[in-house]
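The values are calculated or read from the model by the stated rules, or taken from the named source; none is laboratory data. Bear in mind the structure is a predicted one, so any value in this text is a computation, not a measurement. We place every Cβ from the backbone using ideal geometry, glycine too, and count neighbours over all the protein chains shown. Note: accessible area is taken over every heavy atom of the protein model, side chains too, but ligands, DNA and RNA are not part of it. Shrake-Rupley method; radii C 1.70, N 1.55, O 1.52, S 1.80 Å.
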Amino acid sequence: MKIFLIHHRSPHHASNSGYGRLMDYIDAKVVYGKTKFPFRIAKFIAGFHSKTAGNYNVGSVLKAIELYHLLKKQNGQKNIVHFLNGERDIRHLGFFKRRFPNTKFCATFHKPPEILRQTISNSVALRKLDGAIAVGSNQVEFLKEWLGLEKIVYIPHGVDTEFFIPKPILKEENTLLFVGQHLRDFDLFNATIFMLLTQVSHLKVEIVLHPAYVSKVIPHPQVHIHSKLTDGELLTLYQSATLLYLPLLNSTACNSILEAMACGLTIVTSDVGGNSSYLKNTKSVLINNRNVEAHFYEVVSMFNDKDGLNKAASLLRKKAEEIDWSKISKKIILFYENLY
């Protein structure tokens, strides 16, 4: 069985982060869109495709052309084509399936159901998939109904537990870490931080953020914003913080949470989307409302509970080891086999 991965990497992910790490753990041909097909013509073709069926651009066209030529060389062998980001690049599956009947097509979806329904109003192309992977437990029933497919499975997002590791010697007191921008609740974060800065002595707030989102954070001398960090610098922030505070509007799988878990970093976050599945039995704090006082109270309580921080660190690390990419990749390969 030959495996082809249709790759799309989010530019804000560190090299040790993101779903694309799957390609480091399975024997597969990664399709990037490398072809001699004229870029200008591919761009012209892409212009005819509506975004109502998912993101489709010139890169998508080039990937489809490369995939077609690769499949032609397989001479009727069994193949798996896995779109690592189901929200983009998927078109023409009817043509591909007629031309290559021994090939099965699947995709992993990353967005919460509400966003999928809002941004992809035409799911006709996606309904031609042979199966799909949900990275959030909150996606499964929605994907079954939305795509009309039986082979929908929840396989957690993996994390690199060899790179993201605890380092207790670096741990600092009263240091709060916030990472990322996608679906972050900046209004709640700013309000909570304001209260913390006025009532917690020697508080330090470390924020890792794309430069385009820096204006979302209210500036303060004790708030330090980092952009374009190296992987090592990001790792050090995870290892040295007291806790990760990450209020979210919605979620499926959150890389920042997974990486904090692997580093044994206590987590205070919103009880939304798939968070409860990832953080079950880890002594993390999931808050089911947007009340500023409630968030303030939980952060301060964790700062003051040294024993609780230590217990959470151990449980989080153990939980992360259960979803190390080496284990998740095996579950994905088993899913491939079940498509036939």
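Some points to look at:
- The conditions of being open to solvent by less than 10 Å² (accessible area, probe 1.4 Å), over 26 Å from the mean Cα position of the chain (by Cα) and touching a residue at least 40 places away in the same chain (Cβ under 8 Å) are not met by Leu203.
- Counting only helices (runs of 4 or more DSSP H) that sit wholly inside the range 269-340, those with at least 2 residues that are among the aliphatic types (A, V, I, L, M) and within 14 Å of Ile257 (Cβ to Cβ) are 306-322.
- Out of Gln181, Gln139, Gln118, sole residue that is among the polar types (S, T, N, Q), closer than 30 Å to Met302 by Cα and either in contact (Cβ under 8 Å) with a residue 24 or more places away in the chain or open to solvent by 10 Å² or more (accessible area, probe 1.4 Å) (or both): Gln181
- Test: Leu209 is in contact (Cβ under 8 Å) with a residue 24 or more places away in the chain, touching a His at 6+ places or on another chain (Cβ under 8 Å), buried (at least 18 other Cβ atoms within 10 Å of the Cβ) and farther than 20 Å from His295 by Cα: yes
- Single residue of the range 158-183 satisfying the filter (part of a loop (DSSP other than H, G, I, E, B) and among the aromatic types (Phe, Trp, Tyr)) that is farthest from Thr236 (Cα to Cα): Phe163
- Residue among Phe189, Phe164 that alone is hydrophobic (A, V, I, L, M, F, W, C), over 19 Å from Glu293 (Cβ atoms), open to solvent by less than 60 Å² (accessible area, probe 1.4 Å) and in contact (Cβ under 8 Å) with a residue 12 or more places away in the chain: Phe164
- Checked across the range 184-201, the condition of being assigned to a strand (DSSP E or B) and either touching a Lys or Arg at 6+ places or on another chain (Cβ under 6 Å) or closer than 23 Å to Leu309 by Cα (or both) holds for no residue.
- Subset of the range 1-34 (residues that are among the polar types (S, T, N, Q) and either open to solvent by less than 20 Å² (accessible area, probe 1.4 Å) or at pLDDT 90 or above (or both)): Ser17
- The range 238-247: number of residues that are more than 13 Å from Asn174 (Cα to Cα) and outside any loop (DSSP other than H, G, I, E, B): 3
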